[in-house]
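Step one of this worksheet: look at the structure below.
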Amino acid sequence: PPEHVIMRLNEAGPLTEGTEYTLECSVQSVAPARNLIVAFYRGQTQLGHMKSTSTTKVPVSETFSLSYNTSKEDNGAHFWCEAKLELGAEGPKPPPVVKSNNLIVTVHCKFKQTHILEYY
């Protein structure tokens, strides 16, 4: 299994509602990489998954990226990823899985003007 799995966001500080950001999942020192599947989560909801295209049999490190459009419901949400080695019928059951840290995000909502005050 991978030595480490790390979840990152391409933005520092608070996020803005309705803006697209990139979630990154870095998987360090995994082999054979061709059997690696990475899944991205928001809480218990899977946002997407990807399979490695590496054919090397020696340990490698890879970073997977997923675009995500934020909403106000994401404020305080936990984002994380996991790396799973699917080693086939001969492999261990269940397959080895390593989870990342939880990334807790702050989302600032866009201001919607509903009234216009006019002074005379």
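The values are calculated or read from the model by the stated rules, or taken from the named source; none is laboratory data. Because the structure is predicted, anything quoted here is derived from the model rather than measured. Glycine also receives a Cβ, built like all others from the backbone with ideal geometry; neighbour counts cover every protein chain displayed. These area figures cover heavy atoms from the full protein model, side chains too; ligands, DNA and RNA do not enter into them. Shrake-Rupley method; radii C 1.70, N 1.55, O 1.52, S 1.80 Å.
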Only one residue in S26, S61, S54, S67 is in contact with a strand residue (DSSP E or B) (Cβ under 7 Å, 6 or more places away or on another chain) and free of Cβ contacts under 8 Å to residues at least 24 places away in the same chain, so which one is that?
S54
Just wondering, is there one or more residues in segment 52-72 that are at positive phi and of a type outside the set (S, T, Y)?
no
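Okay, residues lined up against (1) more than 19 Å from N101 (Cβ to Cβ); (2) open to solvent by 50 Å² or more (accessible area, probe 1.4 Å); (3) touching a Phe, Trp or Tyr at 6+ places or on another chain (Cβ under 9 Å):
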| position | (1), (2), (3) |
| --- | --- |
| H4 | no, yes, no |
| L9 | no, no, yes |
| E17 | yes, no, no |
| E20 | yes, yes, yes |
| C25 | no, no, yes |
| S29 | no, no, no |
| A33 | yes, no, no |
| F40 | no, no, yes |
